[in-house]
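In what follows, a structure is listed as structure tokens, so that the remarks can point back to it.
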Amino acid sequence: MGLDWGIGRYETTAEELNPVAAVVVERAGITSGDRVVDVGCGTGNAALLAARLGAQTTGVDPATRLLDVARARAAETGVAATFVQGDAASIPVATASADVVLSVFAVIFAPDPVGAAAEMARVTAPRGRIVFTAWIPEGGIQDCVGIFQKAVAEAIGRPAGPPPFAWHEQKALASLFGPHGFSVEVERGEIAITASSAREYLEIQGRDHPMSVAGRALLDSRGMAAVVGERALGVLEAANEDPGAFRVTSRYVVATAKRA
Ligand SMILES: C[S@@+](CC[C@H](N)C(=O)[O-])C[C@H]1O[C@@H](n2cnc3c(N)ncnc32)[C@H](O)[C@@H]1O
């Protein structure tokens, strides 16, 4: 079974990434009455923005706790949206029923990219579009994540596998969506990740981010957490753009797939 993104407190990262959800919703050109599906909706960032524009919105995520948070946010803000448990490999909506399929840093975690792309294509209406984001694997934050991932793989004795699917590369995406009759365009975006210091950023991640919470527990149990944490801190401090605090710019792509 994959990571349960309900552990920790993903809400902290969701707040940080909300500006990207706004970019995605804007790029998707959502208008009132559009049928929108947000795949890997988490706490509902993009889904709620789409619903606020009058879209008939369904958020889908494997993590039940995050769906509860999304429902609570919808209720608190008086927004109508539906949130259902599901996975990119099996999206619980009818074929050709979505005018817009969104996924903000979420489908990139699907273990089977080919299956996930096929599912997103299946649910998209003939004149519909798919808009999603993927991190560009460079920069201090991605390097830091890589350090923890490598350490966890070593700790559990997992052999080095093939590199992850290149969700950030237009050619790779064209090969994924092309067979379903979609052409793909990619544009770049960036977001500044900030904290009062690199150490504080690392502490917040370790406490709140589901991947870090799971990774830290494992590294702790092997007595590796302190050494790996110091290594990650060194990378973050070297990448820090703000001498008085902590700021690292992370780059991502917004990919738009439309039927050719
Ligand atoms: C980085 S969070 C992004 C959440 C949300 N889209 C946002 O912008 O805050 C990744 C999300 O992907 C979800 N996820 C992980 N694996 C998935 C899969 N195979 N299919 C669909 N969603 C998945 C997680 O549960 C989590 O909510």
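The values are calculated or read from the model by the stated rules, or taken from the named source; none is laboratory data. As the structure is a prediction and not an experimental result, all values here were calculated from the model. Cβ coordinates were reconstructed from backbone atoms using ideal geometry, including for glycine residues, and neighbour counts include every protein chain displayed. In case anyone asks, the SASA skips ligands and DNA or RNA and just uses the protein heavy atoms, side chains included. Shrake-Rupley method; radii C 1.70, N 1.55, O 1.52, S 1.80 Å.
Quick check: at a probe of 1.4 Å, how many percent of the accessible area of region 139-260 sits on carbon and sulfur atoms? Show your work: numbers first, answer last.
Details: 3500 of 6580 Å².
Ligands and nucleic acids excluded, carbon and sulfur give 53 percent.
In the Gaussian network model of the chain, springs joining C-alpha atoms below 10 Å, which of GLY244, GLY59, GLY139 carries the largest mean-square fluctuation?
Result: GLY244 has the largest fluctuation of those listed.
Can you give me the Cα centroid spacing of region 140-160 and region 97-126 in angstrom?
Cα centroid of region 140-160 versus Cα centroid of region 97-126: 27 Å apart.
Would you mind pulling out the separation of the Cα centroids of region 1-36 and region 213-227, in Å?
Computed from Cα coordinates, the inter-centre distance equals 28 Å.
For the residue pair ASP112 and VAL227, what label-to-label distance in nm results when each label sits 7 Å from Cα along the Cα-to-beta-carbon direction?
For ASP112 paired with VAL227, the spin-label model returns 3.8 nm.
Which one of SER90, VAL20, GLY181 is farthest out on the positive end of the charge dipole of the chain, using unit charges on Cβ (Lys, Arg +1; Asp, Glu -1) and the Cα centre as origin?
Looking along the dipole axis, the top candidate is GLY181.
State the Kirkwood hydrodynamic radius of the chain in Å, one decimal place, computed from all pairs of distinct Cα atoms.
18.9 Å
Label-point separation (nm) for THR249 and ALA22, each offset 7 Å from Cα along Cα-to-Cβ?
1.9 nm
Which stretch or stretches of region 219-256 have amide N atoms under 16 Å from the point lying 7 Å from ASP208's Cα along the Cα→Cβ direction?
Residues 246-248 qualify, since their backbone N sits under 16 Å from the label point.
Output the antiparallel fraction of DSSP beta bridges having both residues in region 11-259, as a percent to the nearest 5.
Of all bridge pairs located within region 11-259, approximately 55 percent are antiparallel.
What GluC sites (Glu not before Pro) in region 119-157 are in a loop by DSSP, with at most 15 other Cβ atoms within 10 Å of the Cβ?
GLU138
What full-extension length gain, to one decimal in nm, is calculated for ALA75 and ARG127 as 0.36 nm per residue of separation minus the Cα-Cα distance?
15.6 nm
So what's the back-of-envelope 222 nm ellipticity for the chain, counting only DSSP H runs of four-plus at -39500 (n - 2.57) apiece and dividing by all residues, rounded to 500?
Per the formula, -13500 deg cm²/dmol.
How large is the dipole of region 11-259 about the Cα centre if only Lys and Arg carry +1 and Asp and Glu carry -1, each at its Cβ, rounded to the nearest 20 debye?
640 debye
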